[in-house]
Amino acid sequence: MIRLAFIQFIRSGGIRIGLVFLLAIGVTSLFVGKQFAQRQQQGIADVIQFQQTDFPRQAAQHRDDMGLLLYYLKFSVINEARPLTALAIGQRDVNGSVQSVTIRGLEGQKYDADLTNPANLLLGNVDFSFVLVYLFPLLIIAFTYSIISNEKENGTWSIVAVQSRHLLGFVGGLFLLRLAVVMAMLLLLIALAIALLDIPLDGSLRLFLGTSVGYILLWFSICFWVASLQRRSSTNAILLLGIWLGLLIVLPAGVNNYITVRYPVPEAQATTLAQRKGYHEKWDTDKTETVEKFYAHYPQFRQVPTAQMPTDWRWYYAMQQLGDDESAGQARELRQKLEQRERASRTIAQFIPSLHTQLQLGELARSGLGNQLRFMDYTGQFHEKMRLYFYPKIFTNAPVLTEKWTAFQVDTFTDEAPIHPLSTLGPLMLFIALVAGLGWFRFRQTIYHL
Amino acid sequence: MLRTQRLIARQVWATAFKNRAVFGLLIGIGLLLAYAAVTGWVSFRQQNETGRRYQQQARQDWLSNPDKHPHRMAHYGHFAFRPKAPLSMFDFGMESFLGNTIFLEAHKQNSVNFSEAGFSTGLLRFGEISMAMVLQLLLPLLLFFVGFGTVATDRETGTLKLLLSQGVSWQRLLVGKSLGLLAVMLSLYGPAMVVTGLLWFGLQSGQVSADQTIRLLLLMVAYFLYLNLFCVIAVLVSARSKTAKTALVSLIGLWLMLTLVLPRASQALGSYLYPAPSKAKFLADIQADVLKEGDSHNPGDPHYKGLRDSLLTAYGVDSVQKLPFNYSGFVMTEGERISARLYNDHFGRLLTIYNQQNRFSKAMAIVNPYLAVRNLSMALSGTDFASYVDFQRQAEQYRYDMAQKLNGLQIELISNKKPGPTDKPYQIDRHHWEEIPDFTYLSPGVARVFEHEAISLLAFAFWAGLLGLIAWRFTKTLTAI
């Protein structure tokens, strides 16, 4: 009987159109991901190319003035994109994957925005995570909203009920059948993604797949529960679409509004203004005081002899340093505010599975705010490393041309923050158990309501 | 004979509110509208308050500078904070994806930083709840939920046959049903617009301009037409469908197509076909062009060598130190002129690419009323890309004028002799800082909206016409069973 049910299911025109449509968009999303990866590569190639031509040119032009040279040179760090990032682009299109900084004040450069077309950002990417999170549920709803109600409306349900020895098992079978088709679709897309994007078969991918499977199971359990209410097809459709709307549009957007209003970030502007003031007012204050403050921050440079130069670079970079030092408080507050946002949205997301899935996919693909914050931290460390390397050379005005400028490669940040499978899958599994259990419980009462 | 239509309309209204689920949905959407209004209001206040506070502080910092060399001031620079337009509390538009702080200094065009999106956890990508979003996205779906059965249920139950045999014409029936649905729509649209009007008035602190009034009125008209369209679509699809279930499924499919699939797909197509340069490439290209034309920071640059020689000949002197004005100020004026022009060229080209990327979703407005109302609403609310570009251009103009003013002061007031190692550094009096006005953003007039959103406006006319035509045709071809 299940075999016949399968044939009936797969022969229906609407189902086929749905499957073909989803497959087409799914494959498109992989190409969107592929293009995203290629543009990332291109961006990296551009910055390497620039560094390779700009460094020797600048070095030749400012060959007797190390301090002036370092005023201009921009060192770049790349936030490494994994092949998996192409499946869940997340915030990567908002936050640039390349940071280029001179060794001057960090706070004035750290937040420089990438070039973006806001219309693209507003409408969002058609990446795999979009297909999974938004479109798969719609397919599942279309497959299951009238499983029983349709039979009832056609008057065939009583025949099925009478002929079936184990009716709940039969209903379960109908759901499993559809689940199998949807899972096959998911696995097909993931397999294509692995081939197209060279995704390594590692733990991240397994967890990514696990989350995807969990999300689909969740939607099946929601549909199962709605079917157990034994309503009419159109009521089921409205109810399911309402749930979809709630989980994917209203609740997440509502939470977003809440977080934006609850945690505003005026600290961003405060940091920038403090940095500018901290640096610039030193032009008009006592020189030795500035340099002393600098030595208090970096005692190791007190011993370094200072070369006589037309420009007092030690003073200049001390001023820049103080711009950072004096805006450190605001910068820390900004950072804390962002962490609060991250924590709040994570906590809330545990209760909204769609949100949780999207955020976890982003986390696994290294495309969320967490990754961006870690990348900014790394940029800070990189900047510090460059400063410490060049400060003594600037103060002694070391000969520019003895430095091998082409040896300065673009640095890469690899995000290794651990991800716990339990915190990723746990909330999903709880929801699945809860909703499916509710459906099963309800079905036991209503299954013979003809 | 209007009575028949009224009767039918009242029946639609009564059925809608008798249905508990629909009633619940109406209340839900009403609450969402209220939530949207509150958050829109609060974030408008927050951002504009922050902007105003720091704009003032930045100005005070600027004015409190002591006597200085003008070029020091050119690097001290100023900030421009992007203010939100009053109607942005109604339609957030692209607001959250746009930066709101830009540092303006000599020789350097900085990026507009601190967009809400940059600080978002990724939640933002699910969208935001603004009143516009509720009216554009959720209310049409509600209308579909209420309206899918208007004619199809009558057909299923056989009431339709009765109605028609009693002499009610198709035309009256469809008009009546549409009017009923319209009444349901107005029960949310009305309060939403009243609230919008009140907030809009409150946010302008009593100074209401004609421009803003036109914007608000146009918004009201646009949304009214848009929602009307969905009432009629619901009734027509219901009239065409054999069963209420088919009508519902078709309407849901249509809604998903119009609001979810087509907008994303058309934008994705645009950005797929017209790749924009990376930031590194964009900046490298500008630098390459500047170096080609003349690098003011390079003493051996041929362009500036030519400039120097012609100056020396004109003034009949043999070295730049003997010129009667500050030569390095002159060089910087020239450098600023060249680099700003080249930057604007490249920026213009970048905007062309972005416009190409947006081309599909703009053109789609013709077939998709959702995109039409969305684009038009953002433009009228001042939260679209064009308004943002306008801000960037005004900020850049301010930056350029500030830099050139200070260069001018340097040419005029700073000695042309290099100071000796023991000399006091050259300075000018601090009262000059006041000669440069503060940055104030002037929002462009509503006429600009007509320029940018011609397609959307056209789309509205087109849809209104088409619907009338279809309704007229349907009255001739529809059947009762």
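Is it the case that some residue within segment B:339-347 is at pLDDT below 95, under 34 Å from the mean Cα position of the chain (by Cα), farther than 30 Å from B:ASN416 by Cβ and open to solvent by 40 Å² or more (accessible area, probe 1.4 Å)? Checked segment B:339-347: no residue is at pLDDT below 95, under 34 Å from the mean Cα position of the chain (by Cα), farther than 30 Å from B:ASN416 by Cβ and open to solvent by 40 Å² or more (accessible area, probe 1.4 Å). In segment A:190-205, is there at least one residue being within 14 Å of another protein chain (Cβ to nearest Cβ) and touching a residue at least 60 places away in the same chain (Cβ under 8 Å)? No. Among the residues of segment A:401-447, how many are charged (D, E, K, R) and not in a loop (DSSP other than H, G, I, E, B)? Number satisfying all stated conditions: 3.
For A:PRO310, the test of being within 14 Å of another protein chain (Cβ to nearest Cβ), farther than 30 Å from B:LEU139 by Cα, in contact with an Asp or Glu (Cβ under 9 Å, 6 or more places away or on another chain) and open to solvent by 40 Å² or more (accessible area, probe 1.4 Å) is passed. Checked against the criterion of being more than 14 Å from chain B (Cβ to nearest Cβ), of a type in the set (Phe, Trp, Tyr) and either open to solvent by 10 Å² or more (accessible area, probe 1.4 Å) or in contact (Cβ under 8 Å) with a residue 12 or more places away in the chain (or both), the candidates A:TYR258, A:TYR215 yield just one match: A:TYR215. Scanning segment B:14-71 for residues that are charged (D, E, K, R), at pLDDT 90 or above and assigned to a helix (DSSP H, G or I) yields B:ARG45, B:GLU49, B:ARG52, B:ARG53, B:ARG59, B:ASP61.
Among the residues of segment B:1-53, which ones are aliphatic (A, V, I, L, M) and within 23 Å of B:SER165 (Cα to Cα)? Of everything in segment B:1-53, those that are aliphatic (A, V, I, L, M) and within 23 Å of B:SER165 (Cα to Cα) turn out to be B:MET1, B:LEU2, B:LEU7, B:ILE8, B:ALA9, B:VAL12. Do we have any residue at all in segment B:260-268 that's within 14 Å of chain A (Cβ to nearest Cβ) and under 30 Å from A:GLU153 (Cβ atoms)? There is at least one residue in segment B:260-268 that is within 14 Å of chain A (Cβ to nearest Cβ) and under 30 Å from A:GLU153 (Cβ atoms). You will find that of B:SER169, B:SER111, B:SER165, the residue that is facing another protein chain (nearest Cβ under 7 Å), open to solvent by 20 Å² or more (accessible area, probe 1.4 Å) and more than 17 Å from the chain's Cα centre (by Cα) is B:SER111 and no other. Looking across segment A:225-247, the residues that are touching a residue at least 24 places away in the same chain (Cβ under 8 Å), more than 7 Å from chain B (Cβ to nearest Cβ) and open to solvent by less than 30 Å² (accessible area, probe 1.4 Å) come down to A:VAL226, A:ALA227, A:SER228, A:ASN236, A:LEU240, A:TRP244, A:LEU247. Select from segment A:327-374 the residues that are more than 12 Å from chain B (Cβ to nearest Cβ) and assigned to a helix (DSSP H, G or I) and list them in ascending order. Passing the criteria: A:ALA328, A:GLY329, A:ALA331, A:ARG332, A:GLU333, A:GLN336, A:PRO353, A:LEU364, A:ARG374. Residues that are small (Gly, Ala, Ser) and open to solvent by 20 Å² or more (accessible area, probe 1.4 Å) were ranked within segment A:110-145; the one that is farthest from the other protein chains (Cβ to nearest Cβ) is A:ALA142. Condition test on A:GLY96, is it within 7 Å of chain B (Cβ to nearest Cβ) and at positive phi? No, not satisfied. Listed by first and then second residue, the pairs with beta-carbon distance under 9 Å, at least 6 apart or on different chains, first residue in segment B:41-63 and over 23 Å from B:THR196 (Cα atoms), second surrounded by fewer than 16 Cβ atoms within 10 Å (Cβ to Cβ) and not basic (Lys, Arg), are B:GLN55/B:ASP438; B:GLN55/B:THR440; B:GLN56/B:ASP438; B:ALA58/B:ASP438; B:ARG59/B:ASP438; B:TRP62/B:ASP438; B:LEU63/B:GLU434.
Yes/no matrix, rows are residues, columns are (1) polar (S, T, N, Q); (2) in contact with a helix residue (DSSP H, G or I) (Cβ under 6 Å, 6 or more places away or on another chain); (3) surrounded by 14 or more Cβ atoms within 10 Å (Cβ to Cβ):
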position	(1), (2), (3)
B:LEU283	no, no, yes
B:LYS292	no, no, no
B:ASP295	no, no, yes
B:GLY316	no, no, no
B:VAL320	no, yes, yes
B:GLY329	no, yes, yes
B:THR333	yes, yes, yes
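Would you mind stating whether A:SER221 is modelled with pLDDT of 95 or more and either surrounded by 24 or more Cβ atoms within 10 Å (Cβ to Cβ) or more than 10 Å from every other protein chain (Cβ to nearest Cβ) (or both)? Considered against the rule, which asks whether it is modelled with pLDDT of 95 or more and either surrounded by 24 or more Cβ atoms within 10 Å (Cβ to Cβ) or more than 10 Å from every other protein chain (Cβ to nearest Cβ) (or both), A:SER221 comes out as yes. The set of residues in segment B:52-95 being over 24 Å from B:ASN375 (Cα atoms), small (Gly, Ala, Ser) and more than 8 Å from every other protein chain (Cβ to nearest Cβ) consists of B:SER64, B:ALA74, B:ALA80.
Just one of (1) within 14 Å of chain B (Cβ to nearest Cβ); (2) assigned to a helix (DSSP H, G or I); (3) open to solvent by 20 Å² or more (accessible area, probe 1.4 Å); (4) more than 30 Å from A:SER354 (Cα to Cα) fails for A:HIS280. It is (3). Restricting A:ILE199, A:ILE190, A:ILE194, A:ILE222 to residues that are under 19 Å from A:ILE419 (Cβ atoms) and either hydroxyl-bearing (Ser, Thr, Tyr) or assigned to a helix (DSSP H, G or I) (or both) narrows the list to A:ILE190. Once segment A:16-43 is narrowed to residues that are open to solvent by 70 Å² or more (accessible area, probe 1.4 Å) and charged (D, E, K, R), the residue that is nearest to the other protein chains (Cβ to nearest Cβ) is A:ARG39. In summary, A:ASN397 fulfils each of the numbered conditions (1) on the phi > 0 side of the Ramachandran plot; (2) without any contact (Cβ under 8 Å) to a residue 24 or more places away in the chain with the single exception of condition (2). Note on segment B:363-481: enclosed helices (runs of 4 or more DSSP H) holding 1 or more residues that are open to solvent by 20 Å² or more (accessible area, probe 1.4 Å) and under 26 Å from B:ARG341 (Cβ atoms) are B:385-413, B:447-452. Tell me, please, whether a residue that is crowded, with 16+ Cβ neighbours inside 10 Å and assigned to a loop (DSSP other than H, G, I, E, B) can be found in segment B:199-209. There is no residue in segment B:199-209 that is crowded, with 16+ Cβ neighbours inside 10 Å and assigned to a loop (DSSP other than H, G, I, E, B). Of the residues making up segment A:44-57, those that are free of Cβ contacts under 8 Å to residues at least 60 places away in the same chain and either more than 10 Å from chain B (Cβ to nearest Cβ) or out of contact with any helix residue (DSSP H, G or I) (no Cβ under 6 Å at 6 or more places or on another chain) (or both) number 5.
In segment B:95-108, of all residues being part of a loop (DSSP other than H, G, I, E, B) and open to solvent by 10 Å² or more (accessible area, probe 1.4 Å), the one that is nearest to A:ARG341 (Cα to Cα) corresponds to B:ASN100.
The values are calculated or read from the model by the stated rules, or taken from the named source; none is laboratory data. Since the structure is predicted, the reported quantities are computational estimates derived from the model, not experimental observations. Quick reminder, even Gly has a Cβ in these numbers, built from the backbone with ideal geometry, and neighbours come from all protein chains shown. Remember, those area values only see protein heavy atoms, side chains included, never the ligands or the DNA or RNA. Shrake-Rupley method; radii C 1.70, N 1.55, O 1.52, S 1.80 Å.
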